[in-house]
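**Student:** Okay, here's the structure, questions in a sec.
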Amino acid sequence: MLYAAFRSIGAYAPKKILSNEDLSTMVDTSDEWITKRTGIKERRIAADNEYTSDLGVKAAELAIERSGLKKQEIDMIVCATISPDYFCMPSTATIISTKLGLNNITAFDISAACTGFVYILSIAKAFIESGMKKNVLIIGAEKLSSITDYSDRGTCILFGDGAGAAVISATDNKDEAIIDVHTGADGAYADLLMTPNGGSGSAHDSLNPEDTSCFMEMKGNETFKVAVRTLTKDVVEILKENNIDSKSINHFVPHQANYRIIKAVGDALKLREDQVVLTVEKYGNTSGASIPMAINDIYEKGTLKKGELMLLDAFGGGLTWGSALVPFSPLK
Ligand code: COA
């Protein structure tokens, strides 16, 4: 029997910091308001010539190096992004594969917004367990600054840029295996969080050269309530189905959207503070990159140890949601 093991993690955050104080000079807001309502203090912004694929490559190089595998052993790349280098094609995953020097492997993107990393984890697991692939590189990479309207205080305070990557490999050792991944979606809530312009269903005027906006729009307050409800329900279900008590989770790694959302879910699960991984203060919401960036944070701090159990939990535009029970199983 083949299983999928979570071997390694890597991440990259662009150098430029956009602080709450910086934002308060751009829109009518304040550090106090943003901190109190979201827990965010600052976020990173990629340089003009730094594309989503560049962020993804930096995270991927670290993940490959830490996996102990040779780069050529990677046989598939899946990238989760809603801010690809190019709208429609080519996919960011194919650009990343070429930048990594891997030109003859399967590579594609998926779109599941902030749940992207949990979706690509489920894809890697399925390809590996079916025997189709052996070592899958999964990447959540976002240059959300390219689709953020910096005149809208309801959204621009939340989002930032970054990337995270992981190597998922085949193993016959069940103790190393990803235990379970849940994914779900409900398009009935599509209008809560969307980029209404630029696609075939858009209000975008393709004959007007000035109408090029592809910005995110969000009904923040409604999104908040659905997020807490959905995130809590999903983690309660995955724990119950796998007969795992929340006390035995070493690291709860939620999507980093808003501290108040994370706190509400953590409280519902009766988690201790030391179980909850938080990076929202320094990176804001980096959509598909947020969970792997948070895992990388505990890895680099030395608090993520071999064999420890992570519970991942995500929610995003679509709506989409997902959760996963993942032991950290490095080769070395
Ligand atoms: N600075 C100052 N005031 C702001 C503001 C800002 N950046 N953004 C909104 N406000 C104002 C509103 O205009 C409103 O003013 P009013 O009462 O005079 O009308 C007031 O603050 C409350 O607005 P509301 O939207 O109800 O605030 P909130 O407490 O819901 O916080 C969010 C707004 C966006 C921080 C919050 O709704 C949120 O985080 N939602 C979830 C977002 C999310 O996670 N999205 C991604 C999902 S993956």
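**Student:** Would you pick out the residues in segment 265-288 that are within 16 Å of the ligand (Cβ to nearest atom) and within 13 Å of ASP313 (Cα to Cα)?
**Tutor:** Residues satisfying the conditions are VAL265, GLY266, LEU278, SER287, GLY288.
**Student:** Among (1) of a type outside the set (Asp, Glu); (2) farther than 14 Å from SER145 by Cα; (3) in contact with a Gly (Cβ under 8 Å, 6 or more places away or on another chain), where does ARG44 come up short?
**Tutor:** Going through (1) of a type outside the set (Asp, Glu); (2) farther than 14 Å from SER145 by Cα; (3) in contact with a Gly (Cβ under 8 Å, 6 or more places away or on another chain) one by one, ARG44 breaks only (2).
**Student:** Another question, then. Out of all the residues in segment 67-83, which are of a type in the set (Val, Ile, Thr) and in a strand (DSSP E or B)?
**Tutor:** Correct list: ILE77, VAL78.
**Student:** Could you identify the single residue in SER24, SER53, SER19, SER30 that is within 16 Å of the ligand (Cβ to nearest atom) and crowded, with 17+ Cβ neighbours inside 10 Å?
**Tutor:** From the options SER24, SER53, SER19, SER30, the qualifying one is SER24.
**Student:** Could you count how many residues in segment 1-16 are surrounded by fewer than 17 Cβ atoms within 10 Å (Cβ to Cβ) and touching a strand residue (DSSP E or B) at 6+ places or on another chain (Cβ under 8 Å)?
**Tutor:** Residues flagged as surrounded by fewer than 17 Cβ atoms within 10 Å (Cβ to Cβ) and touching a strand residue (DSSP E or B) at 6+ places or on another chain (Cβ under 8 Å) within segment 1-16 amount to 3.
**Student:** Here's a check for you: in segment 36-48, which residue that is surrounded by fewer than 17 Cβ atoms within 10 Å (Cβ to Cβ) and out of contact with any strand residue (DSSP E or B) (no Cβ under 9 Å at 6 or more places or on another chain) is nearest to GLN256 (Cα to Cα)?
**Tutor:** Ranking the qualifying residues of segment 36-48, first place goes to ARG37.
**Student:** Do we find a residue being within 22 Å of PRO330 (Cβ to Cβ), among the β-branched types (Val, Ile, Thr) and over 16 Å from the mean Cα position of the chain (by Cα) anywhere in segment 286-294?
**Tutor:** No; the residues of segment 286-294 include none that is within 22 Å of PRO330 (Cβ to Cβ), among the β-branched types (Val, Ile, Thr) and over 16 Å from the mean Cα position of the chain (by Cα).
**Student:** Another question about this same structure. Tally the residues that are aliphatic (A, V, I, L, M) and in a loop (DSSP other than H, G, I, E, B), restricting the search to segment 36-56.
**Tutor:** 3
**Student:** Could you figure out which of (1) in contact with an Asp or Glu (Cβ under 9 Å, 6 or more places away or on another chain); (2) in a helix (DSSP H, G or I); (3) of a type in the set (Gly, Ala, Ser) isn't true of ALA59?
**Tutor:** (1)
**Student:** When segment 154-203 is examined, which residues are found to be acidic (Asp, Glu) and closer than 30 Å to ILE34 by Cα?
**Tutor:** Matches in segment 154-203: ASP161, ASP186, ASP191.
**Student:** For segment 1-35, how many residues are in a helix (DSSP H, G or I) and closer than 15 Å to GLN256 by Cα?
**Tutor:** 2
All of the numbers you see were taken from the coordinates with simple rules; none came from a lab. Please read these numbers as outputs of a predicted model, since none were measured by experiment. We place every Cβ from the backbone using ideal geometry, glycine too, and count neighbours over all the protein chains shown.
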